[in-house]
Amino acid sequence: MNTPLRPLFPESNSPANNGEMMDVLLASRRRWKSLTQLVADVIFETDEDGRFTFFDAGTTLGWADHDLIGEACSRLLPFVDSAPGPNPFQTRAAIRGRRCWVRRADGTFACLLIYATPLQSPSGRHAGVRGLGIDVSDDANNNADLSIARLHSESIRRITLTMRSRPMFRLGVPPALEELGAMLGATGGILLARQAGCDAECAEQEILEAGSYVGDDVVHRFPAQGSALDTQIESLLRDYEEGALTAPKVTQIEDRDVIFCYSRIRYTTSAAMALWREGLGVWTQDDANLADAALATFASAVEMEALNKALAQNARFDPLTGMLNRTGLIAEISRRLPRLDRERLSGALLIIGLDHFGEINAAQGFEAGDRTLQQVATYLRNAIRPTDLAGRLGGDIFGLWLDGADHFVAAERAETFCQNGVVVFLATPTTLTFSVGLATRSWETGETIESLIDRASLAMRSVKLAGGARWHASLEESPP
């Protein structure tokens with residue numbers, strides 16, 4: 001005789017049978033929970049209203065199991081109404097591997113890979129959702145960081161290309177700054193670069209040559225004519241002492257959100273930038289980081305121009321005396337010769353050597369010798385006209401170009417130098433004499449500057465061999 005199979009669920013509605021059914025359901029749920037815990041970090045069930053009836057996240061989200069029971073899913077997803085796609089806790093269709101950001105108990109966010117299926121009542125009505133989630137926050141954060149890094153890299157690339165599109169890096173900074181402002185939605189901005197040793201006269205010369213300065217240290221500002229609030233922001237930017245801003249600072253001034261950035265660069269005192277906007281919300285840290293990286297690019301461009309100017313200066317000027325060096329003097333005289341030939345004017349070159357200069361170095365040291373050369377350079381510059389040229393050819397040898405002067409004017413000047421000498425102030429006032437060689441150039445000969453220097457130098461050496469303190473003229477001119 002066959003024994004009938006015992007049904008899985010009791011057929012009676014008696015309290016005993018109902019209790020047995022509940023035990024079966026609880027056992028089934030425990031088996032389901034045990035299995036899903038092997039592969040999932042979060043397990044959940046919701047009812048038809050989207051309230052949690054079961055929730056287990058272990059330590060992944062920081063919520064205790066009972067914290068969310070009976071709570072609406074909006075507590076876990078406060079931004080779900082604005083998020084694209086269906087709410088994974090109230091979905092009416094199966095979800096397989098959807099990424100979803102949820103709120104941890106400490107207020108931070110985690111990214112879950114959600115698998116969920118809707119539940120139905122016996123009548124076919126929606127009864128809730130059962131699902132699980134796998135924590136993929138590390139991968140999501142890495143991908144987000146990578147996306148931000150790529151965005152920053154592309155932004156800096158565009159800024160750099162904008163600067164390179166101009167003939168000079170410095171001229172490319174203003175449009176690049178405005179492009180950065182457009183990227184970040186800024187309504188205004190200012191970039192400062194205070195160059196060491198650049199006084200008001202230097203800044204004025206920058207305005208005349210480059211046309212890119214609008215103030216003593218303002219590289220660029222937009223809009224060009226700012227409001228009183230723009231001026232207030234600029235004043236605050238200037239008030240930051242060097243080193244006070246080691247990271248971008250985000251603040252609010254009246255109705256504007258402002259980023260202040262500061263960059264220390266080697267050959268200028270500092271570079272600082274402020275960007276502001278209104279109505280777009282507070283700047284994010286990513287915005288501030290991009291602005292800071294862009295400022296470093298701008299500062300490098302300013303620094304590069306300063307270095308190029310310093311190299312050009314050192315290539316043509318003597319660093320000890322500030323005079324033109326040999327290369328600079330030859331280049332400047334050569335530039336003037338065609339004009340003198342067209343106007344049928346002569347010119348004269350004086351090569352001046354200090355007598356007994358080596359004795360100062362030997363007796364008082366090289367520092368005293370340097371001070372002597374500086375004082376002599378000042379004396380010679382003050383002894384010529386603004387249209388003439390003065391340079392140091394090397395050692396204790398100087399050159400003076402008397403523009404448009406004939407032999408008689410040059411001879412008179414040479415005689416004055418030799419009679420008066422120069423008084424230099426070292427440990428005690430000391431009078432030095434000059435040995436002067438003179439060479440005059442006529443427009444008819446077309447003589448080169450190299451030939452002129454050779455003749456004047458030979459005349460000066462002959463004076464030194466004769467004891468110094470006099471001048472000698474080389475009257476012979478080379479043929480054209």
Just to be sure, is residue 450 part of a loop (DSSP other than H, G, I, E, B) and exposed (fewer than 15 other Cβ atoms within 10 Å of the Cβ)?
-> no
May I ask you to say which residue of 439, 410, 414, 405 is in a loop (DSSP other than H, G, I, E, B), touching a strand residue (DSSP E or B) at 6+ places or on another chain (Cβ under 8 Å) and closer than 17 Å to residue 474 by Cβ?
-> 405
Would you be able to say whether some residue in the range 66-85 is surrounded by fewer than 17 Cβ atoms within 10 Å (Cβ to Cβ) and assigned to a strand (DSSP E or B)?
-> yes
Every pair of residues 6+ apart whose Cβ atoms lie under 6 Å, when the first sits in the range 43-59 and is part of a loop (DSSP other than H, G, I, E, B) while the second is of a type outside the set (A, V, I, L, M) | 47/53; 47/128; 48/126; 48/128; 50/73; 50/89; 50/90; 57/63
Could you say which residue among 301, 247, 271, 288 is modelled with pLDDT of 75 or more, part of a strand (DSSP E or B) and out of contact with any His (no Cβ under 7 Å at 6 or more places or on another chain)?
-> 271
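Yes or no, residue by residue, for (1) outside the structural domain of residue 115 (by TED's automatic domain parsing); (2) modelled with pLDDT of 80 or more; (3) not aliphatic (A, V, I, L, M):
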position	(1), (2), (3)
10	yes, no, yes
16	yes, no, no
24	yes, no, no
74	no, no, yes
91	no, yes, yes
Answer with yes or no whether residue 402 is touching a helix residue (DSSP H, G or I) at 6+ places or on another chain (Cβ under 7 Å), under 18 Å from residue 468 (Cα atoms) and in contact (Cβ under 8 Å) with a residue 40 or more places away in the chain.
-> no
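The values are calculated or read from the model by the stated rules, or taken from the named source; none is laboratory data. From a predicted model like this one, the values you see are computed outputs, not experimental measurements. Glycine also receives a Cβ, built like all others from the backbone with ideal geometry; neighbour counts cover every protein chain displayed.
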